[in-house]
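The values are calculated or read from the model by the stated rules, or taken from the named source; none is laboratory data. Keep in mind that this is a model prediction, so the values were computed, not measured. No Cβ is skipped: glycine too gets one built from the backbone with ideal geometry, and neighbour counts run over all protein chains shown. The protein model used for the area step is the full one, side chains on, heavy atoms only, and it has no ligands, DNA or RNA in it. Shrake-Rupley method; radii C 1.70, N 1.55, O 1.52, S 1.80 Å.
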Amino acid sequence: MWQCRYSKMEGKTLPRYEFSPLGDSGVMVKLGEVIDQLTHEQVILFCEYLQEHPFPGMIESVPGFTTVTVYYDPITLFDPLDDILPYDRAVAILEQMSQQISNTHSKEYRLVEIPVCYGGNFGPDLEVVAKQNGLSIEEVISIHSTTEYLVYMIGFAPGFPYLGGMDERLATPRRSSPRLSIPMGSVGIGGLQTGIYSIESPGGWQIIGRTPLRLFQAGESSPSLLCAGDKVRFRPISEREYENGEKVY
Amino acid sequence: MSIEVITPGLCTTVQDTGRFGFQQYGVSVSGVMDKQAVQIANMLVGNQQTDAVLELTMRGPSLLFHKDMLIAICGGDFKVTINDRSVLPNRAVWIRSGSILKFGLAKEGCRAYLAVAGGWDVPLVMGSRSTNLRASFGGFAGRMLAAGDKLVQSSPGSFSQFLANQLEKKAGAAPFYQANWFIPSNTFVKNGEAVVRVIQGEQFADFTKESRQSFFEQTFQVSTQSDRMGYRLTGPALELTQSMELISAAVTIGTIQVPPNGQPIILMADRQTIGGYPKIGYVPTIDLPIVAQLRPGEKIHFQEISLRDAQKALIERDSLMKAIKLGIEVTVGWR
């Protein structure tokens, strides 16, 4: 149902890493000031490095738009023989790691195709988005499904992707009163963003369609269909295709 | 089957120390709210720290035991009976099959924990037995317990069995027996008020001088809209010197974020993984159990603590916990 295509992603310049504490068990590493592709690539490279080289006491790392947050256990990082603060020790380790990530290191990315049944019962707000922007329904579908989106990070809900790259011609304000329940798989537009509700939840986005793919399935290895660093493209499908659609991945 | 739920209480869930490694996929950590209480409860029955317990909120459940079991109850002060006779918290209790353990309302505190020797046997989902209520997975069928649910106990370790045998002998024909030694617990919420320490957050300096002052000098009240996800507080509105659009990034347990209405929210166990509101501070790990036991309407005073002191305090508490564990083993003659 979805395809993978691989391309090269290359780190261009070595960013300046800024460290700050996130409570008493986290270090926030800032890799840039604005949301852009270059910073994002550095975030992905750093996360990948941490995944491959976890240090003793490291719990997990979480990519953000411009940050990587590293959670650690202060007790494991404490050595009774010295007076080094666990936070300082974590920063020293991360600082050293940042030197290891060479600026020629490159990463491959996946292109994930997501089938969407636009409009009808699955996309009750498709017309609103078209009207607001002076477009026809076909134009909205065409613009939305020809763009390649970048998954900056997963958050807000399990498997929920923060997508970048939506065409500004589709920008539509959120609904004035949020819906109490939006079905899983709903594809929506909120302001300048587009996204997919990965689980059923309340929400204020304009719903333009729905995918039969499951974006989140509790499980060990990859509970989320999408990962930070993936690229996404939507493919319009008919209601019939939706009904026959593959629900699992 | 080990126990059967007669009445479920207000919000009774299976939890352990949390689900780690999946925040990059948007999966909340979840886990128990009061880790200190759970650590002691698990120690009292000879468990590992990571074994799953039941977390009870405000009004506890009634449970029918279908098996002889070793249990311990810690955390908030609830009215607890076995076959209508009072039971004390913070100690190992042997309970005979056929008995009914009944939790009433919380007299003090908000959450109590029921640990059983071996822990509760629910499937491990992504490395944890914690319930993720929002996404409906983990724990017992991804939800709160309901009447008629049947829970199973994992097989207890050798120390747990040793302890259970001791208490069973002392019980004789009685339906239960509680150990005559206990781990004293501190209550940090006094007359509905608690002092909670705070490490300055990344945007602390971006709040007005008056707001920074009132944050530490005035009192905040826990709103009724508080739950396992976050504690919403009401109090003096905290204002930024200028409005700021932050780029969303990871948020941790204890993060005190301030949305545009100026009323702070302390993020707790079921928090989302990513947030974008200004962070005025962080409740250090050592004081999270205090927050976890506050109930709606109760009050918080914030007091500043440095990151250094917060981490030192955590390390000291870890040593104390290790000493308590050793103390238990010596007391019962295991060592």
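Couple of notes before you dig in:
- Residue selection: B:ILE300 fails the criterion of being without any contact (Cβ under 8 Å) to a residue 60 or more places away in the chain, part of a strand (DSSP E or B) and more than 10 Å from chain A (Cβ to nearest Cβ).
- Considering residues of the stretch B:253-276 that are within 13 Å of chain A (Cβ to nearest Cβ), open to solvent by 10 Å² or more (accessible area, probe 1.4 Å) and assigned to a loop (DSSP other than H, G, I, E, B) only, the residue nearest to B:HIS301 (Cα to Cα): B:ILE253
- Count of the stretch B:277-288 residues which are touching a residue at least 60 places away in the same chain (Cβ under 8 Å) and part of a loop (DSSP other than H, G, I, E, B): 3
- Residue within the stretch A:47-69 that is within 10 Å of chain B (Cβ to nearest Cβ), under 12 Å from A:ALA90 (Cα atoms) and among the aliphatic types (A, V, I, L, M) present: yes
- Across the stretch B:44-62, the qualifying residues are those that are of a type in the set (A, V, I, L, M) and within 15 Å of the chain's Cα centre (by Cα), and the one among them that is nearest to B:GLY127 (Cα to Cα) is B:ALA52.
- Selection status of B:ILE286, within 14 Å of chain A (Cβ to nearest Cβ), modelled with pLDDT of 95 or more and open to solvent by 10 Å² or more (accessible area, probe 1.4 Å): yes
- Members of the stretch B:229-252 found to be under 24 Å from the mean Cα position of the chain (by Cα) and either more than 10 Å from every other protein chain (Cβ to nearest Cβ) or of a type in the set (Asp, Glu) (or both), listed by number: B:MET229, B:GLY230, B:TYR231, B:ARG232, B:LEU233, B:THR234
- Qualifying residue in the stretch B:229-243 (condition: open to solvent by 80 Å² or more (accessible area, probe 1.4 Å), at pLDDT below 95 and not in a strand (DSSP E or B)): yes
- Set side by side, the residues B:PHE140, B:PHE162, B:PHE182 differ, and just one is assigned to a loop (DSSP other than H, G, I, E, B), more than 17 Å from B:LEU54 (Cα to Cα), outside the structural domain of B:ASP270 (by the TED database) and open to solvent by 30 Å² or more (accessible area, probe 1.4 Å), which is B:PHE182.
- Subset of the stretch A:200-249 (residues that are touching a Phe, Trp or Tyr at 6+ places or on another chain (Cβ under 6 Å), under 27 Å from A:GLN37 (Cα atoms) and at the interface with chain B (Cβ under 9 Å from one of its Cβ atoms)): A:PRO223, A:SER224
- The stretch A:119-134, subset farther than 30 Å from B:ARG271 by Cβ and open to solvent by less than 40 Å² (accessible area, probe 1.4 Å), residue nearest to the other protein chains (Cβ to nearest Cβ): A:PHE122
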